[in-house]
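A.B. asks: Below is the structure I would like to discuss, written out as structure tokens.
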Amino acid sequence: VLDCGRCYTSHTVAKTIRITNNSSILQRAGFVELPSVAQILPTAFMAILPGQTVTRHILFRPIAVAEYNIKLFCRANLGDTYTIHCRGKGAKPSLSFLHSNLKLAATADGHREQVHTYLTSE
């Protein structure tokens, strides 16, 4: 089980996996049917030469405050399907800004521009 731990709904957790082709022929594989909270980087599809190891990063981005138990399916060209079980917990950030964008006017050198926002703690 790949444990992504607790992650704020506004953040992303990345876990690195290594995939090795132990066969004597080229393997083409890809992660299919990815859930909306998961992404594979740099790409979900790969061609792995015999004896080669590739690295993939699994990104977990929770969209709600909830427990997640998901499955990632990696299908190979020889018909095999490998399953990676992942779990994580979406959490609400304890601090939040009232406005996430602040607009500042252009100012001359040596002058100041001031803007206010509120930071709340839950």
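The values are calculated or read from the model by the stated rules, or taken from the named source; none is laboratory data. Small disclaimer: the values here were computed from a predicted structure and weren't measured. Please note: Cβ atoms are built from the backbone with ideal geometry, for glycine as well, and neighbour counts cover all protein chains shown. Heads up: the accessible areas ignore ligands, DNA and RNA and are worked out on the full protein's heavy atoms, side chains in. Shrake-Rupley method; radii C 1.70, N 1.55, O 1.52, S 1.80 Å.
A.B. asks: Of the listed peptides 75-86, 37-48, 108-119, what is their order by residue-averaged count of other C-beta atoms within 10 Å, with the highest listed first?
C.D. replies: Highest to lowest by the protection proxy: 37-48, 75-86, 108-119.
A.B. asks: Using a 1.4 Å probe, how large is the accessible area of LEU102, given in Å² and rounded to the nearest 10?
C.D. replies: Surface accessible to solvent at LEU102 totals approximately 100 Å².
A.B. asks: Take every Cα pair under 8 Å in segment 1-87 that's 6+ residues apart, average their separations, divide by the length, and report that relative contact order as a whole percent.
C.D. replies: 38 percent
A.B. asks: List the lysines whose alpha-carbon lies under 27 Å from that of LYS103, not counting same-chain residues fewer than 8 positions away?
C.D. replies: LYS92
A.B. asks: What's the local net charge at ALA44, with K and R +1, D and E -1, over the other residues with C-beta under 11 Å away?
C.D. replies: Values: positive: ARG56, ARG75; negative: GLU33.
Every neighbour counted, the sum reads +1.
A.B. asks: Still on this structure, please answer the following. Compute the semi-axes of the equivalent ellipsoid of the chain, taking the square root of 5 times each eigenvalue of the Cα gyration tensor, and list them largest first in whole Å. Write down the numbers at each step before the final one.
C.D. replies: Details: eigenvalues 354, 76, 20 Å².
Equivalent ellipsoid of the chain: 42, 20, 10 Å, largest first.
A.B. asks: Here is a follow-up. If each of LEU98 and ARG112 carries a label point 7 Å out from its Cα toward its Cβ, how far apart are those two points in nm?
C.D. replies: Computed distance between label sites LEU98 and ARG112 equals 2.0 nm.
A.B. asks: Right, another one. Using each residue's phi in segment 16-33, evaluate 6.51 cos²θ - 1.76 cosθ + 1.60 at θ = phi - 60° and report the 3J(HN,Hα) Karplus result to the nearest Hz, with x for Gly and Pro.
C.D. replies: 9, 10, 10, 10, 10, 8, 8, 7, 9, 10, 4, 10, 9, 8, x, 7, 10, 6
A.B. asks: If you roll a 1.4 Å probe over the heavy atoms of the protein chains, what accessible area per residue do you get for the chain, in Å²?
C.D. replies: The answer is 70 Å² per residue.
A.B. asks: Go through segment 94-99 residue by residue and turn each phi into a ³J(HN,Hα) via Karplus (6.51, -1.76, 1.60, θ = phi - 60°); whole Hz please, and just put x for glycine and proline.
C.D. replies: 3J(HN,Hα) across segment 94-99, in whole Hz: 6, 10, 8, 8, 5, 10.
A.B. asks: Can you send over the carbon and sulfur percentage of the accessible area for the chain, probe radius 1.4 Å, protein chains only?
C.D. replies: About 52 percent, which is the carbon plus sulfur part of the accessible surface.
A.B. asks: Amide H neighbours of GLN52 under 5 Å, counting only residues 5+ apart in sequence or on other chains, H built in-plane at 1.01 Å?
C.D. replies: Hits under the 5 Å cutoff: ASN21.
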